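These notes are about the structure you will find just below.
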Amino acid sequence: MRPIGRWLSATALLVWTTAMAQPAGSEPTVPALVKSSCASCHTFAKGEANGQGPNLFGLIGRTAGSAPGFAYSAGLTKALGGKTWSKELLDAWLTDTERVAPGSLMTFFLDDAKSRQAIVDYFAGQQAR
Ligand code: HEC
């Protein structure tokens, strides 16, 4: 076996096992896209503190504007108060927060449907556990 081939397959295996590694019973790994797009303002695990934005644990199926201890804007409360976060609503929110809730404190636009889908899938999967 040539050394280079061995090195390559060892690296591929390492990448694969790292991606798969997830101790039973723990939070699913937060995807890089969600981390890079949302983690500066939001936390994702159960019971974690609110940041600049509310904690997002169990978002899908949760009532909008209901994270304990978070002071939502009038814009969000007016547009979304009492509504339930569904995959569709989250997709619309990530497409254009201003259109869904004018005057909201979160301004976010993501045109790429695939990236939105990946983010929505993470939150949907979180709820399924
Ligand atoms: C720059 C900070 C910032 C970033 C980045 C950010 N958000 Fe927010 N988010 C907020 C703030 C602030 C609010 C509260 C909005 C309000 O009250 O008007 C919020 C509210 C929300 C809500 C409403 C939650 C509820 O309890 O009803 C959702 C859902 C949400 N964000 C999802 C996301 C996702 C998903 C991402 C990443 C793709 C993201 N946010 C990125 C600041 C941010």
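The values are calculated or read from the model by the stated rules, or taken from the named source; none is laboratory data. Computed from a prediction, not measured in an experiment: that's the story for all the values here. Cβ coordinates were reconstructed from backbone atoms using ideal geometry, including for glycine residues, and neighbour counts include every protein chain displayed.
So the values come out like this:
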{"read-out": "Filter result (in contact with an Asp or Glu (Cβ under 9 Å, 6 or more places away or on another chain) and under 16 Å from Asn55 (Cα atoms)) within segment 76-103", "value": "none"}
{"read-out": "Residue within segment 31-39 that is among the small types (Gly, Ala, Ser), over 13 Å from the mean Cα position of the chain (by Cα) and modelled with pLDDT of 95 or more present", "value": "no"}
{"read-out": "Those residues of segment 93-120 which are of a type in the set (Gly, Ala, Ser) and more than 10 Å from Leu76 (Cβ to Cβ), in sequence order", "value": "Ala113, Ser115, Ala118"}
{"read-out": "Matching residues, segment 30-63, being without any contact (Cβ under 8 Å) to a residue 60 or more places away in the chain, within 10 Å of the ligand (Cβ to nearest atom) and β-branched (Val, Ile, Thr)", "value": "Thr63"}
{"read-out": "Residue pairs meeting the criteria (Cβ under 6 Å; at least 6 apart or on separate chains; first near the ligand (Cβ under 7 Å from one of its atoms), in segment 103-116; second β-branched (Val, Ile, Thr) and part of a helix (DSSP H, G or I))", "value": "Ser104/Thr97; Met106/Thr97; Phe108/Thr97"}
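Every residue, every condition in (1) surrounded by 14 or more Cβ atoms within 10 Å (Cβ to Cβ); (2) at pLDDT below 95; (3) touching a Cys at 6+ places or on another chain (Cβ under 7 Å), yes or no:
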{"residue": "Ala24", "(1), (2), (3)": "no, yes, no"}
{"residue": "Pro28", "(1), (2), (3)": "no, yes, no"}
{"residue": "His42", "(1), (2), (3)": "yes, no, no"}
{"residue": "Asn50", "(1), (2), (3)": "yes, no, no"}
{"residue": "Leu56", "(1), (2), (3)": "yes, no, no"}
{"residue": "Ala64", "(1), (2), (3)": "yes, no, no"}
{"residue": "Ala71", "(1), (2), (3)": "no, no, no"}
{"residue": "Ala74", "(1), (2), (3)": "no, no, no"}
